[in-house]
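Before any comments, here is the structure.
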Amino acid sequence: EKERKREREKERKKERKKERKRERKKERKKERKKRRKKERKEEGKKESKRESEKARKRERKERKKEKKGKKERKKERKKERKKERKKAIKKERKKETKKQEGKQERKQECKEERKKERKKERKPERKKERKKERKKERKKERRKKEIKERK
């Protein structure tokens, strides 16, 4: 009887030991599951954080690009306006030069006309003057010759 009792006791002890082992195993499994779940959650959080950071970066890049594009367009417009202004100035100058040239031409024509007029008026007088000058020249030449001959 005592022997059987001891045996039963031993058996129960073994059973309890096994049971505790099983419980611990279950507990560890649960813990592992819990830990994994937590880790996955953390990983998910990290991943979403990374993704949102990437998205923010992308958006920043896009905005920068847009700004740059805007700047470029502004620059282009400025350049275009400058070009137009230059063109207008050039056109104006050309116009001015043409005007000036026209003025000059008219002035020249007037001058030439006046010259012709004067020439017409003075033609007989000039003829007489030239005749006189030639006469004087001849006289001088004769005198020179005479002086030479005397010597």
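The values are calculated or read from the model by the stated rules, or taken from the named source; none is laboratory data. Source: prediction; values computed, not measured. Heads up: the accessible areas ignore ligands, DNA and RNA and are worked out on the full protein's heavy atoms, side chains in. Shrake-Rupley method; radii C 1.70, N 1.55, O 1.52, S 1.80 Å.
With runs of 4+ DSSP H residues as the only contributors, calculate the mean residue ellipticity of the chain at 222 nm using -39,500 (n - 2.57) per run, divided by the residue total and rounded to the nearest 500.
-38500 deg cm²/dmol
Which residue, GLU66, GLU31, GLU101, has the most motion in a Gaussian network model of the chain that connects Cα atoms within less than 10 Å?
GLU31
May I ask you to give the solvent-accessible area per residue for the chain, in square angstrom, as obtained with a 1.4 angstrom probe?
Heavy-atom SASA per residue in the chain reads 120 Å².
Apply the Karplus parameterisation 6.51 cos²θ - 1.76 cosθ + 1.60, with θ equal to phi minus 60°, to every residue of the range 73-90 and state each ³J(HN,Hα) to the nearest whole Hz, in sequence, with x for glycine and proline.
Working through the residues one at a time gives 4, 4, 4, 4, 4, 4, 4, 4, 4, 4, 4, 4, 4, 4, 4, 4, 4, 4 Hz.
If I build a Gaussian network model for the chain, linking alpha-carbon pairs within less than 10 angstrom, which residue out of LYS131, LYS98, LYS70 has the largest mean-square fluctuation?
Maximum fluctuation in the GNM of the chain, among the listed residues, is at LYS131.
Straight-line reach from LYS144: which lysines fall under 19 Å, measuring Cα to Cα and dropping same-chain residues less than 8 apart?
LYS132, LYS135, LYS136
Most mobile of LYS74, LYS33, LYS132 per a Gaussian network model of the chain (Cα springs, under 10 Å)?
The residue that fluctuates most here is LYS132.
What ³J(HN,Hα) values, in whole Hz, does the Karplus curve 6.51 cos²θ - 1.76 cosθ + 1.60 give for the range 10-21 when θ = phi - 60°, with x put for Gly and Pro?
4, 4, 4, 4, 4, 4, 4, 4, 4, 4, 4, 4
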